[in-house]
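Let me begin by presenting the structure, written as structure tokens, before commenting on it.
The values are calculated or read from the model by the stated rules, or taken from the named source; none is laboratory data. Bear in mind that the values here come from a model prediction, so they are computed numbers and not experimental data. Cβ placement follows ideal geometry from the backbone for every residue including glycine, while neighbour counts extend to all protein chains displayed.
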Amino acid sequence: MSAVTTSAGDGPALRSALAEPTVDPPARWVAGVVLLNLAITSGWFGPIQVLLAEQAREIDPANKEALLGAVLFAGALVSTVANPVWGALSDRTRLRVGRRVPWAAGGVVGGALSLLLMSTVQSAPAMLLGWCGVQLTLNMGYAAVTASVPDQVPVARRGVVGGLVALAGTLGVLLGVAIADATGSIAQGYVVIAAVLVLLSLPYLLGSHDLALPEDHPREPFDLRGFVTAFWVSPREHPDFAWAWVTRFLVNLGNFIALSYFLYYLTDGLGFSDDEGSSRLLTLTTIYGATIIVSAVAVGAWSDRVGRRKVFVIASGLVVGLAAAILAVAQTWTATVVAAAVLGCGYGIYQAVDFALITQVLPDAEERAKDLGVINIAAALPQVFAPAIAAFVIIVVRAAGGSVATQGESWSLGYGLVYLTSFVACVLGSVLVTRIRSVP
């Protein structure tokens, strides 16, 4: 944390909200950002990795893959719209407490209530609507806290902070999965995750050092048409922003294809029982998380030190693709363990450095949260397409009489094709990073 301390008497509150930050924020502020990201990520991935799959199996055992795919699809679709909209609204906020913290607080409260609602659902429609509520509210908090980084962290330190945020995201996955696995029921899992969300958000909400818009900043009347059209960022005028969007979409698509059906890959693809599959999923998630932690923090600092971003992002996509190829070709438990470590290493590098790269191609300081929201669509849309792609491949293979579930030592054609699709997306994303020109 020593790299993100501030000098006495000179902190983020002493400058304009629209100025490019030049002084490192206090370590306690960074800690608050990390904890809030940890909380939000646990609220997402405890359900995504475990609870939603278990709910789908409980509500409709015969069609659990399709139900899970529909729920994840709908929730990610909500996330795709909600993130940039909440971000744009926070950009326009003129409260004395700042632009970001009111929306972060609303996201935490709404997210906790939505998770509590998920603990009570007993039907497929209720499950789908409840998860859409979780996505809608948690994205409010995520849009706000994400924008606070370029608001308050100098460019030269964003690799370090990006690495710490990536660390928080990884620990959030581990925390969410651990809670879901350790609690006695699906309902208890949601309740505990909601309580953790509120508790871990307090350091940021109570000490955000948020920056308010200057009092003399023009107050433009709200125009719905202008508000909607502002979400279009012209690729012709901002080509690096456009290429950053495309590459983020592709690498995240590959990663989410790899993650979304991990539990079913273990049970249906590798042939483990439901209980053993859940236990081994926690092992894989721990390995995945540990390698993300090491790679994100180390490579984020390395990227700051050498002043380069693209080479790390290119390498990270290739490493994630390698993990998908291992899962596709070598369908054994040992190979899956290796793939989890490789996947974590690649995605850790990606999360730390790609975030720093993205903050350097934002078109306008006045609309940081909106533009980050548009970029975050490239992370949310893969959550829409990944389960749909995986479910489509598996359904087609099953309809054609191919192997999906393992029988003896047979190779699962369905999951092989799913993970080969992940490989192609990641490699293509890495290649296209070279089109970004303004960032070294």
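Scanning the stretch 402-414 turns up no residue that is crowded, with 21+ Cβ neighbours inside 10 Å, modelled with pLDDT of 85 or more, touching a helix residue (DSSP H, G or I) at 6+ places or on another chain (Cβ under 7 Å) and assigned to a loop (DSSP other than H, G, I, E, B). Take the conditions under 29 Å from residue 171 (Cα atoms) and over 20 Å from the mean Cα position of the chain (by Cα) and apply them to residue 374. Does it pass? Considered against the rule, which asks whether it is under 29 Å from residue 171 (Cα atoms) and over 20 Å from the mean Cα position of the chain (by Cα), residue 374 comes out as no. Screening the candidates 246, 251 for the property of being farther than 21 Å from residue 57 by Cβ, in contact with a Phe, Trp or Tyr (Cβ under 7 Å, 6 or more places away or on another chain) and either modelled with pLDDT under 85 or β-branched (Val, Ile, Thr) (or both) yields one hit, 251. Of the residues making up the stretch 153-168, those that are under 15 Å from residue 358 (Cα atoms) and assigned to a helix (DSSP H, G or I) are 155, 156, 157, 158, 159, 160, 161, 162, 163, 165, 166.
Being assigned to a helix (DSSP H, G or I), modelled with pLDDT under 90, over 23 Å from residue 381 (Cβ atoms) and under 15 Å from the mean Cα position of the chain (by Cα) is a property that residue 171 has.
When you look at residue 129, is it under 29 Å from residue 69 (Cα atoms) and surrounded by fewer than 20 Cβ atoms within 10 Å (Cβ to Cβ), yes or no?
The answer is yes for residue 129.
Residues in the stretch 112-154 that are under 17 Å from residue 74 (Cβ atoms), touching a residue at least 12 places away in the same chain (Cβ under 8 Å) and not aliphatic (A, V, I, L, M): 9 in all. One residue stands out among those in the stretch 322-346 that are touching a Ser or Thr at 6+ places or on another chain (Cβ under 7 Å) and of a type outside the set (A, V, I, L, M, F, W, C): the one that is farthest from residue 281 (Cα to Cα), which is 346.
Taking residue 158, is it among the basic types (Lys, Arg), closer than 22 Å to residue 310 by Cβ and surrounded by 14 or more Cβ atoms within 10 Å (Cβ to Cβ)?
Numbers: among the basic types (Lys, Arg): yes; closer than 22 Å to residue 310 by Cβ: yes; surrounded by 14 or more Cβ atoms within 10 Å (Cβ to Cβ): yes.
Yes: the conditions hold for residue 158.
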